[in-house]
Amino acid sequence: MTSPVLLEVKGLKTWFLSKEQPFKAVDGIDFSIQQGETFALLGESGCGKSISALSLLRLNPYPASKIVAGEINLNGLDLLKLSEAEMESVRGRRVAMIFQEPQSSLNPVLTIGQQIGETLRWHFKLSPQEIQQRSLKLLDSVGIPDPIRRLKEYPHQMSGGMKQRVMIAMALAGEPELLIADEPTTALDVTIQAQILDLLKQIQRDTGMAILLITHDLGVAAQMADHIAVMYAGQIVEQADRQSFFANPQHPYAKKLFEALPSEQKRDQRLTVIKGNVPPLNQTFIGCRFADRCDLAWDHCHQHEPSWIATNERGVRCHLYDPTVTASAENLLKPSHASHLSDVVPSQIHALDIRGLKVHFPIRKGILQRQVGQVKAVDGVNLTLHNAETLALVGESGCGKTTVGKGILQLVEVTAGEVRFQGKVLNRLSQRQLKPYRGQLQIIFQDPFSSMNPRMTIEQVIDEAISASKFRKEPAAKTKYIDSLLERVGLRADIRHRYPHEFSGGQRQRICIARALATEPEVIVCDEPTSALDVSVQAQILNLLRDIQHEFGLSFLFITHNIGVVDYLAHRVAVMYLGRIVEQGTRQQVLDAPKHPYTQALLAAVPDLNKQELQVAVRGELPSPANPPAGCHFHQRCQHVMPICHENYPPLTVLENGHQVNCFLYEENEYGSTNTN
Amino acid sequence: MPFLPVFLWTDILIFILLAVITAGIFYLRSKPHLRAPWVMVMQRKRGVISVIILLSYVTIGFLDSLHFRVALASADNNQQHYSTEVLSVLDWMVSPIRTQVEKTYSAPLATRLFVKEMQVVKGGQLEYSHPRLEYAAQHLTSETEKWADVRNIVLKSTFASITFIVLLIALYIVYRKLRYQHALLTELKRLMHGQSDYPVRTFYLMIFLLVWISVTLVMLSQYYHVFGTDKVGQSVLYQALKSVRTGLAIGTLTTLIMLPLAIFLGISAGYFRGWIDDVIQYIYTTLNSIPGVLLIAAAVLMLQVYMNTNPDHFATIAERADMRLLFLCLILGVTSWTGLCRILRGETLKLREAEYVLAARSLGASNFSILHRHILPNLMHIVLITVVLDFSGLVLAEAVLSYVGVGVDPSMISWGNMINSARLEMAREPVVWWSLTAAFISMFILVLAANLFADVVRDAFDPRMQGAR
């Protein structure tokens, strides 16, 4: 099955030139894409994936960067030799691109119709009627319901998934031969991600267009790609077709990426971490770029740059596979170690009890700011967190997970219900009465870049926590305590006088953990602490969180949308949908035998490395919490919807072993089970 | 004591301001993240140019703020009397041009008066002509030598300035050689090729220009009225120099009054929300909708009435004029805090939801500590940019207000008053142009430098630019 080659890239180099060493973002990559196939470029952030893609269309930042060498052949046309005017007939027409952030890729002051029409006008000579018709057809082909109305709408009237569909429609308008998709689903929820990926596949089937998919997500690559290239530090280090890559990744970096993924099978181990960071690219490399982080590296790796070793249909850039280099035998025999980690056994004592928690935000309108409605961000949540337990709160973005976390910490005003901690109802205490409990409940935020004041040194950041908690006042003891905290989270104590911007995302997240630990808390709310981090760094943070739970007997409320992380870390799982918990139980109960249709859909949408077929189990998107649907909130998207679902919200049904679910399918009433499926 | 120091209200405030700025500079030097944007300012050519110009203006203004009264020679030994005239160090330094007052107008570098007069010539007859100036060009034997003499003086001053700058560069190179053990030649090359992180060549060029202009002015003003004289025969150069302090005082003291209001109210409104926000918003919207000039005129006229009814509260004319200047700063401050307040409120609204503020709240930090440790430091760059931008606007506002007649006291020399008097001069035939030109040039250079400085500061504090660093 070899179709003719559509795009061939040879020795492409894009450098950011500066007075000193150039920053070699892309440093000699070769690959080719065949017609109608999906080629995935995989790698962590900072490896040069996006710059590679931009360079293909010569859209790399100018004048900061420059394509210094290489050849880009699109069906025999060398794109690097074209003039800027000739490039315009290639961009959008022959090669189109979609970006990560649909929010910022659409112009907020133009209607969808105008934006699609504009693209059509650039590339084809069409009458207004024809443009209207083609636009409608395009919107229809990307699965947007009611396209006539949508053409007149503005981007802000659409959800994220819809906007990404519009972006795809605009990309398709030029009928391109190649679509470059730069992390097209990273900003979207798993359920929407599944829909968009499915759409891309379907379009590819219909039009025979090739796709260059840029992603950091192994799962997405597994489901979409025919060929996979792994990028590291500006170079492609491994290239193979999907089957052979996922069956047997060869390059140590690719192997490590797989090992660093959290999953259920790895629960009793520490996750493999890749030590260090991607090296800065403004240096002259002597040896292998991965050598410093590689467990298998030996002297030869540090001294000689590995060459590209191609063996039938796949290639790898590693000395281990070079027949002319004899690897020292000990390296090959080195087992991929995994230290055993005993599971934390939660006690039965309740650390935190949440009953009927409601957080409503008023919607105000008019001159007098009259309240016209409310956003029911959290609408009656019951949760119990045991001592030394990890409770995962799972759900799509916008379902109110984060607000639950903030409500527990009294960072937002709680409308109703109670948060009971150490026998006190926290939301009924005054600010003054609350103060002694503040330090015992801590939070770790998602974005390590905004969770520290950029104008305070690390010492001041942690010191703030210590001073607020009235512990350890004398300076010598305080310094010692800060040192011990920093060392506990795996940082050197001498970073105390540096500023947050000097650290990488993973390091900052460690500092945030140190700050949370400084007050000796009992409960830590982890609000998506790893979702802004790369896989290898995520593994480091997850390991650290498990370690400190062991050591201090902490209870975690772990808010996340990443099912892999839940599987690895959680004891119990609560699934949230539109401000309410729809299913709750132990990890095995919820993840292995989900009962609620929403949980089932959510789990099915998660890209799995093993099942390489895509499943779209749920249509549509999360309704607005300002105006939740009557009856069961999920009924519009549910496959098992029954008449009663339209009218009443399902009551809590307790299944075996405390597995709780809110669904009429499982309700026991006087007529027996209504479960008709 | 041969003199009595006089501390006018604005002097005291200016000293406090300078002390605060000096302390601020020392504080900044110890904090790398705070120092970084300033280093960036100084690494830009425009930054260096504007800082040098601003510093020279500040020096003039500062010298003009050190006031004293000269002791009068008196027969009575028991009591020392002081002159009612308040002088400044600047006045004392430029005494010759201050005291050498002609009869009336004379053009720049002129040897004769601008107007014709009846005068007695040698022969005893009367003649209606331009009389010779009393203090200008007295050393010349013939008026025809004037231009040759001026050229001579300029050449001399140029030579002196070049010698000075060459010596300065030599000293700098020798210093670097001793400090870093480099060869002389490499240091020289480094300077010539501009290999330093800082624009050293621009710096020396600016220093040269500054020295050249001041030396030339000093040497020329020994014998001539460089910018001419005004209606009462006072040197226009002297007036231009004296105006600097007035302009700077208005520009800086107003911000001093405006800042606490804007920062305190803006942050309170943004952070506490609710009724506090409503009240503060109401105040500044109301204040904003009243024309500023109206408020200023009303306030200044009120003060004028007070001063007229209580003349005994002011020992000297200078004190009266100073009181009016202070009041003008005050009222300008009260009318101009709303813009900054609005910006700060918006920014605080954003910052109070920042995760590090939430983290601080979850740690149990008090409102006060959040405000002063997290919110205020992260607003300072906005405050700074606004202050620098507002400065030039205020200097221009003074000129406009004085022109309208509600500005500083008529006895106080200011650019506004100079322009105001030039209104009549422009109507004369032939036109008396030098007064207006001098005011225009000196104000233009200051405002341009301030604007350039504001530009560079804004670039340096732009988070996007910081990312690129």
Checklist entry - Conditions: (1) touching a residue at least 12 places away in the same chain (Cβ under 8 Å); (2) among the hydrophobic types (A, V, I, L, M, F, W, C); (3) over 30 Å from B:HIS372 (Cβ atoms). B:ILE280 meets all but one. Number of the miss? => result (3)
Checklist entry - Which residues, taken from the range A:555-569, are at pLDDT 90 or above and not β-branched (Val, Ile, Thr)? => result A:SER555, A:PHE556, A:LEU557, A:PHE558
Next on the checklist: Suppose we filter A:ARG488, A:ARG428 for residues that are surrounded by fewer than 17 Cβ atoms within 10 Å (Cβ to Cβ) and either more than 9 Å from every other protein chain (Cβ to nearest Cβ) or within 28 Å of A:ASN387 (Cα to Cα) (or both); which single one remains?
Outcome noted: A:ARG428
Checklist entry - Do you know which residues across the range A:396-413 are more than 14 Å from chain B (Cβ to nearest Cβ) and more than 15 Å from A:PRO529 (Cα to Cα)? => result A:GLU396, A:GLY398, A:CYS399, A:GLY400, A:VAL404
Next on the checklist: Considering only residues that are more than 14 Å from chain A (Cβ to nearest Cβ) and either crowded, with 17+ Cβ neighbours inside 10 Å or touching a residue at least 24 places away in the same chain (Cβ under 8 Å) (or both), which ones fall in the range B:17-38?
Outcome noted: B:LEU17, B:LEU18, B:TRP38
Next on the checklist: Just checking, does the range A:253-266 include any residue being assigned to a helix (DSSP H, G or I), polar (S, T, N, Q) and under 28 Å from A:VAL9 (Cα atoms)?
Outcome noted: no
Checklist entry - Looking at this structure, is A:ALA518 among the hydrophobic types (A, V, I, L, M, F, W, C), in contact (Cβ under 8 Å) with a residue 24 or more places away in the chain and within 24 Å of B:LYS31 (Cβ to Cβ)? => result yes
Next on the checklist: I'd like the full set of residues that are over 20 Å from B:HIS225 (Cβ atoms) and either touching a residue at least 24 places away in the same chain (Cβ under 8 Å) or of a type in the set (Ser, Thr, Tyr) (or both), limited to the range B:133-165.
Outcome noted: B:THR158, B:ALA160, B:SER161, B:ILE162, B:THR163, B:PHE164, B:ILE165
Next on the checklist: Taking the criterion of being part of a loop (DSSP other than H, G, I, E, B), modelled with pLDDT of 85 or more, within 12 Å of another protein chain (Cβ to nearest Cβ) and within 30 Å of A:GLU396 (Cα to Cα), would at least one residue in the range A:499-521 satisfy it?
Outcome noted: yes
Next on the checklist: So, A:ALA229, is that one touching a Leu at 6+ places or on another chain (Cβ under 6 Å), modelled with pLDDT of 85 or more, small (Gly, Ala, Ser) and in a strand (DSSP E or B) or not?
Outcome noted: yes
Item to check | Residue pairs meeting the criteria (Cβ under 9 Å; at least 6 apart or on separate chains; first without any contact (Cβ under 8 Å) to a residue 60 or more places away in the chain and closer than 16 Å to B:ARG69 by Cα, in the range B:92-109; second basic (Lys, Arg) and crowded, with 17+ Cβ neighbours inside 10 Å) | outcome: B:TRP92/B:ARG98
Item to check | Single unsatisfied condition, A:LYS13 versus (1) basic (Lys, Arg); (2) modelled with pLDDT of 85 or more; (3) part of a loop (DSSP other than H, G, I, E, B) | outcome: (3)
Next on the checklist: Condition check: outside the structural domain of A:GLN202 (by the TED database), among the charged types (D, E, K, R) and surrounded by 19 or more Cβ atoms within 10 Å (Cβ to Cβ). Does A:ARG121 satisfy that?
Outcome noted: no
Item to check | Top-ranked residue of the range B:325-358 - restricted to ones that are away from chain A (no Cβ under 14 Å) and small (Gly, Ala, Ser), ranked as surrounded by the most Cβ atoms within 10 Å (Cβ to Cβ) | outcome: B:SER336
Item to check | Count - residues of the range A:94-135 that are farther than 20 Å from A:THR207 by Cα and in contact with a Pro (Cβ under 6 Å, 6 or more places away or on another chain) | outcome: 2
Item to check | Pair list, Cβ < 6 Å and 6+ apart or interchain, from the range A:188-209 residues that are within 20 Å of A:VAL394 (Cβ to Cβ) to residues that are of a type in the set (Asp, Glu) and not in a helix (DSSP H, G or I) | outcome: A:ASP189/A:GLU396
Next on the checklist: Given the options B:ARG373, B:ARG361, name the one that is crowded, with 18+ Cβ neighbours inside 10 Å, within 14 Å of chain A (Cβ to nearest Cβ), in a helix (DSSP H, G or I) and touching a residue at least 12 places away in the same chain (Cβ under 8 Å).
Outcome noted: B:ARG373
Item to check | Members of the range A:433-444 found to be at the interface with chain B (Cβ under 7 Å from one of its Cβ atoms) and either more than 16 Å from A:ALA518 (Cα to Cα) or of a type in the set (Gly, Ala, Ser) (or both), listed by number | outcome: A:GLY439
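Yes/no per residue for (1) without any contact (Cβ under 8 Å) to a residue 60 or more places away in the chain; (2) among the polar types (S, T, N, Q); (3) surrounded by fewer than 22 Cβ atoms within 10 Å (Cβ to Cβ):
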{"site": "A:VAL394", "(1), (2), (3)": "no, no, no"}
{"site": "A:LYS401", "(1), (2), (3)": "no, no, no"}
{"site": "A:VAL412", "(1), (2), (3)": "yes, no, yes"}
{"site": "A:MET452", "(1), (2), (3)": "no, no, no"}
{"site": "A:ILE458", "(1), (2), (3)": "yes, no, no"}
{"site": "A:ALA468", "(1), (2), (3)": "yes, no, yes"}
Checklist entry - Looking at the range B:249-274, which of its residues are buried (at least 24 other Cβ atoms within 10 Å of the Cβ) and farther than 19 Å from B:ILE382 by Cα? => result B:ALA249, B:ILE250
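Listed here are the residues, each with its yes/no results for (1) free of Cβ contacts under 8 Å to residues at least 24 places away in the same chain; (2) within 14 Å of chain B (Cβ to nearest Cβ); (3) buried (at least 17 other Cβ atoms within 10 Å of the Cβ); (4) more than 24 Å from A:ARG496 (Cβ to Cβ).
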| position | (1), (2), (3), (4) |
| --- | --- |
| A:GLU389 | no, no, yes, yes |
| A:THR415 | no, no, yes, yes |
| A:GLU418 | no, no, no, yes |
| A:VAL461 | no, yes, yes, no |
Item to check | Checklist (1) crowded, with 16+ Cβ neighbours inside 10 Å; (2) within 21 Å of B:SER442 (Cα to Cα) applied to B:LEU209, failing item | outcome: (1)
Checklist entry - Here are some residues: B:ARG245, B:ARG190, B:ARG179. Which one is assigned to a helix (DSSP H, G or I), charged (D, E, K, R) and crowded, with 22+ Cβ neighbours inside 10 Å? => result B:ARG245
Next on the checklist: Quick check on my filter: what residues within the range B:377-389 are within 13 Å of chain A (Cβ to nearest Cβ), in contact (Cβ under 8 Å) with a residue 24 or more places away in the chain and under 28 Å from the mean Cα position of the chain (by Cα)?
Outcome noted: B:LEU379, B:HIS381
Item to check | Complete set of residues in the range B:397-420 that are crowded, with 17+ Cβ neighbours inside 10 Å and not in a loop (DSSP other than H, G, I, E, B) | outcome: B:ALA397, B:GLU398, B:ALA399, B:LEU401, B:SER402, B:TYR403, B:TRP415, B:GLY416, B:ASN417, B:MET418, B:ILE419, B:ASN420
Item to check | Unique match (being buried (at least 20 other Cβ atoms within 10 Å of the Cβ) and at pLDDT below 90) among B:LEU389, B:LEU394, B:LEU446, B:LEU424 | outcome: B:LEU394
Item to check | Residue among A:ALA493, A:ALA516 that alone is under 16 Å from A:LEU545 (Cβ atoms), in the same structural domain as A:ILE541 (by the TED database) and of a type in the set (A, V, I, L, M) | outcome: A:ALA516
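The values are calculated or read from the model by the stated rules, or taken from the named source; none is laboratory data. Being a predicted model, the structure only gives us computed values, none of them experimental. Note that each Cβ is placed from the backbone with ideal geometry, even for glycine, and that neighbours are counted across all protein chains shown.
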